[in-house]
Structure formats: C-alpha cells, structure tokens
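Q: Would you mind keeping the following structure in view while I ask a few things?
The values are calculated or read from the model by the stated rules, or taken from the named source; none is laboratory data. The model shown is predicted, which means the values in this text are computed figures rather than measured ones. With ideal geometry, Cβ positions are generated from the backbone for all residues, glycine too; neighbour counts draw on all protein chains shown.
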Amino acid sequence: MTSPSAADPVGARVHADYRKWDGSPHWQSDGTLLGVDEHGVWVAFPQGTHFERPGRAFDIECNSVSLFPTAGFTPAFNDAADGTEQVTVYVDITTPPTWSRSDDGVWRVTMIDLDLDVVQRANGVTYVDDEDEFLDHQREFGYPEDVVHDAEAGTRAVFEAVRDGRSAFDGTGRRWLRTLG
C-alpha cells in the first residue's frame, strides 16, 4: 500500500509500529499526520504522547515530530529546552517503513528496529548509540549479511547527514516541529 500523500488530511491518525527482527513489538505510539514533502511523511507526537514497549512506557515531555522516509531510518526531531544534554535529533536505523491503513482510516507505519541509533544533543554533539546491542542482536536474531551491511552503511550516511546538517537535518525537521507551536 502507498503511504499518506499531500491529499491526506492533516491530523489523520498514524500508529507507529516499531518491531524487532523476530516480529515482536518494540516501541508503539500514536501520532497525527502533519504532512508530506520530498523527504517523506511527517508525523506529530505532541508533548504527553504515550510511548510503550514490552517492559517500559512513558509519556514524552516535549513536542516531537518524526519523519518516515522510504529509506531505512526514521528520525525524530525533539523540541529540547535550553539544556545542552537534551536530545534534539534521534534517528533509529530501521528497515524501510511500510504503510497500511485500517478500515476506519487509521494509518499504520511499520518498520524493524535494527538497534543502531544516531543521536544529536542540543549542544551539537553527534554520536552513534547501541552498537553493542546491534552486535548482540546479530547473533541472537541472525541478521542476514546484507541487512548488517545496509544498517552499517546507513548509519554512517545518516551520522554524516546529521552532523553536517544535510537533507532533512538542514533545519527541515525543526520547521515541521515549529508547526506544533
């Protein structure tokens, strides 16, 4: 199925369905469609949005928007306060997102979380996180070689784009975030 388009109404419900390689649920949350641009589909997760996975749940303390491109990564742009340690960009390295729609019109975007994350703090520090988890899960889940290669290459490319302020990391994500007020 195709993903939301510019013809879809802003505010349409979107369920973000992150899974692990074995199909088990990972992070789950409900947001609303903000819009679509050349980077992909933008979804709002306002302050207070509930996120949960097995064994952990929380309500976010800031506004956040996520981008669901056709590539194998899904960035979140967070409205961080003044603290220099706060995370402003958090990119999950994933399989390419796939879209479906329920009979009642709710969009569902599903992807497999491949553990690696690119993180940028408010002070500009950018790093790759969870490399140890990625190694552990290669053994535990038996990630195929091409998946490992693509995840590693994708992580390098995303890290450079975030660090250098290219693509959606050039201020585009912040502009979408400002639409939340």
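Q: Which count do you get for residues in the range 1-57 that are in a loop (DSSP other than H, G, I, E, B), modelled with pLDDT of 95 or more and under 27 Å from Tyr143 (Cα atoms)?
A: Qualifying residue count, the range 1-57: 7.
Q: Consider Val148 carefully, then state whether it is at pLDDT 95 or above, within 25 Å of Glu61 (Cβ to Cβ), in contact with a helix residue (DSSP H, G or I) (Cβ under 9 Å, 6 or more places away or on another chain) and among the β-branched types (Val, Ile, Thr). Walk me through it before giving the result.
A: Working: at pLDDT 95 or above: yes; within 25 Å of Glu61 (Cβ to Cβ): no; in contact with a helix residue (DSSP H, G or I) (Cβ under 9 Å, 6 or more places away or on another chain): yes; among the β-branched types (Val, Ile, Thr): yes.
Spelling it out, it is not the case that Val148 is at pLDDT 95 or above, within 25 Å of Glu61 (Cβ to Cβ), in contact with a helix residue (DSSP H, G or I) (Cβ under 9 Å, 6 or more places away or on another chain) and among the β-branched types (Val, Ile, Thr).
Q: Within the bounds of the range 83-102, is there any residue that is acidic (Asp, Glu) and modelled with pLDDT of 95 or more?
A: Narrowing the range 83-102 to residues acidic (Asp, Glu): 85, 92.
Now narrow it down to the ones that are modelled with pLDDT of 95 or more: 92.
Yes - at least one qualifying residue is present in the range 83-102.
Q: Sort out which residues of the range 41-73 are in contact (Cβ under 8 Å) with a residue 40 or more places away in the chain and surrounded by 21 or more Cβ atoms within 10 Å (Cβ to Cβ), and write them in order of number.
A: If the condition is that a residue be in contact (Cβ under 8 Å) with a residue 40 or more places away in the chain and surrounded by 21 or more Cβ atoms within 10 Å (Cβ to Cβ), then Val41, Trp42, Val43, Ala44, Ser64, Val65, Ser66, Leu67, Phe68, Gly72, Phe73 are the ones that fit.
Q: What's the number of the condition Phe169 fails, among (1) more than 20 Å from Leu67 (Cα to Cα); (2) in contact (Cβ under 8 Å) with a residue 60 or more places away in the chain; (3) of a type in the set (Phe, Trp, Tyr)?
A: (1)
Q: Which of the residues that make up the range 101-152 are within 30 Å of Ala44 (Cβ to Cβ), small (Gly, Ala, Ser) and more than 16 Å from the chain's Cα centre (by Cα)?
A: Within the range 101-152, Ser102, Gly105, Ala122, Gly124 qualify.
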